[in-house]
Amino acid sequence: MEEWRGWRKISYESELDHLFVNEIASIPGGDKLFACIQCGTCSGMCPLTPYMDYTPRQIIAMIRAGLRWEVLSCYTTWLCASCYSCTVECPKEIKLTDIMYAVKRMAIKQGVYPKKFPIPILANEFFKSVEDSGRSSEGRLILKLFLKTNPLKLLWQTGLGLRLFLKGRFSLKKEAIHRKNELKCMIKALETEHMVKSREELGLVKETSI
Ligand code: SF4
Ligand code: SF4
């Protein structure tokens, strides 16, 4: 995985996005990231650090520096196994795991994630399926994952898929909950509320004076 480190480059002040840190800090408890002392405990605790392109400590430093694109397009967040070791051991009680999730959500929303890398594709397709029908239809999810990452692998798995299908263990049927429109409204309302809150915290919503 060493080749991932290849596209590091020098960043100039004019390229930094200083609003990025506020967007990440707007998650519940996210403002604690300003208290990071760069001790590296999180990176030392993380079992996935050897495989990451940036360590958890570097991710916090990069968020604070305003390296939006580098953070959103990195592999680190997608390799995070959500084990919470970093969060538990951080001396400043920074919710690193939640920050990893916030970065992933933002990367999906802005379409800035490692293309062809299965984990973000799977997460994105899973979310779209649940948002659309309230359920994740596994057969369709796997099919989309292969088609968007490595269609050739689909050919290798055809035999297995067929055997599972004949035994009734695999289906491409789309499952859906009743009243799925109500779920869509709830998700939309939550997104709108979060957007307004973030804009307020970023100072983008001006107070109206009477
Ligand atoms: S353990 Fe906490 S304070 Fe230390 S580098 Fe990681 S996030 Fe920062
Ligand atoms: S939660 Fe993620 S970043 Fe934190 S220690 Fe576990 S794998 Fe590493």
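The values are calculated or read from the model by the stated rules, or taken from the named source; none is laboratory data. The structure displayed is predicted, hence computed values, not measured ones. For neighbour counting, all protein chains shown are included, and Cβ atoms are generated from backbone atoms with ideal geometry for every residue, glycine included.
Just to be sure before I move on: is Thr149 loosely packed, with under 14 Cβ neighbours inside 10 Å, over 25 Å from Cys42 (Cβ atoms), away from ligand 1 (no atom under 16 Å from the Cβ) and free of Cβ contacts under 8 Å to residues at least 60 places away in the same chain in the structure I sent?
No: the conditions fail for Thr149.
Is it fair to say Ile99 is crowded, with 17+ Cβ neighbours inside 10 Å, at pLDDT below 90 and β-branched (Val, Ile, Thr)? It would help to see each step written out before you state the result.
Values: crowded, with 17+ Cβ neighbours inside 10 Å: yes; at pLDDT below 90: no; β-branched (Val, Ile, Thr): yes.
In short, no.
Is it the case, given these coordinates, that Leu160 is more than 30 Å from Gly40 (Cα to Cα), touching a residue at least 24 places away in the same chain (Cβ under 8 Å) and either assigned to a loop (DSSP other than H, G, I, E, B) or not charged (D, E, K, R) (or both)?
no
I'm trying to understand the selection: among the residues of the range 89-122, which are in contact (Cβ under 8 Å) with a residue 40 or more places away in the chain and among the aliphatic types (A, V, I, L, M)?
Once the filter is applied, which keeps residues that are in contact (Cβ under 8 Å) with a residue 40 or more places away in the chain and among the aliphatic types (A, V, I, L, M), the range 89-122 yields Ile94, Leu96, Ile99, Met100, Ala102, Val103, Met106, Val112, Ile119.
Report those helices (runs of 4 or more DSSP H) wholly inside the range 1-102 carrying at least 3 residues which are within 13 Å of ligand 1 (Cβ to nearest atom). Write out each step before concluding.
Details: elements: 20-25, 41-45, 56-65, 68-72, 76-79, 85-89.
Qualifying helices (runs of 4 or more DSSP H): 41-45, 56-65, 85-89.
Taking the residues in the range 48-85 that are more than 11 Å from the chain's Cα centre (by Cα) and among the small types (Gly, Ala, Ser) as candidates, determine which candidate is farthest from ligand 2 (Cβ to nearest atom). Please lay out each step first, then the result.
Step one: list which residues in the range 48-85 are more than 11 Å from the chain's Cα centre (by Cα), which gives 48-70, 81-85.
Checking which are among the small types (Gly, Ala, Ser) leaves us with 61, 65-66, 81-82, 85.
Numbers: Ala61: 14, Ala65: 19, Gly66: 21, Ala81: 4, Ser82: 5, Ser85: 4 Å.
Restricting to residues being more than 11 Å from the chain's Cα centre (by Cα) and among the small types (Gly, Ala, Ser), the top hit is Gly66.
Limited to the range 9-32, what total is found for residues that are closer than 14 Å to Leu67 by Cβ and within 16 Å of ligand 2 (Cβ to nearest atom)?
Total satisfying the criteria: 1.
Could you please let me know if Leu145 is away from ligand 2 (no atom under 16 Å from the Cβ), aliphatic (A, V, I, L, M), out of contact with any strand residue (DSSP E or B) (no Cβ under 9 Å at 6 or more places or on another chain) and over 30 Å from Leu16 (Cα atoms)?
Yes, satisfied.
For the range 51-89, which positions are of a type in the set (S, T, N, Q) and either closer than 17 Å to Ile24 by Cα or surrounded by 21 or more Cβ atoms within 10 Å (Cβ to Cβ) (or both)?
Those that are of a type in the set (S, T, N, Q) and either closer than 17 Å to Ile24 by Cα or surrounded by 21 or more Cβ atoms within 10 Å (Cβ to Cβ) (or both): Gln58, Ser73, Thr76, Thr77, Thr87.
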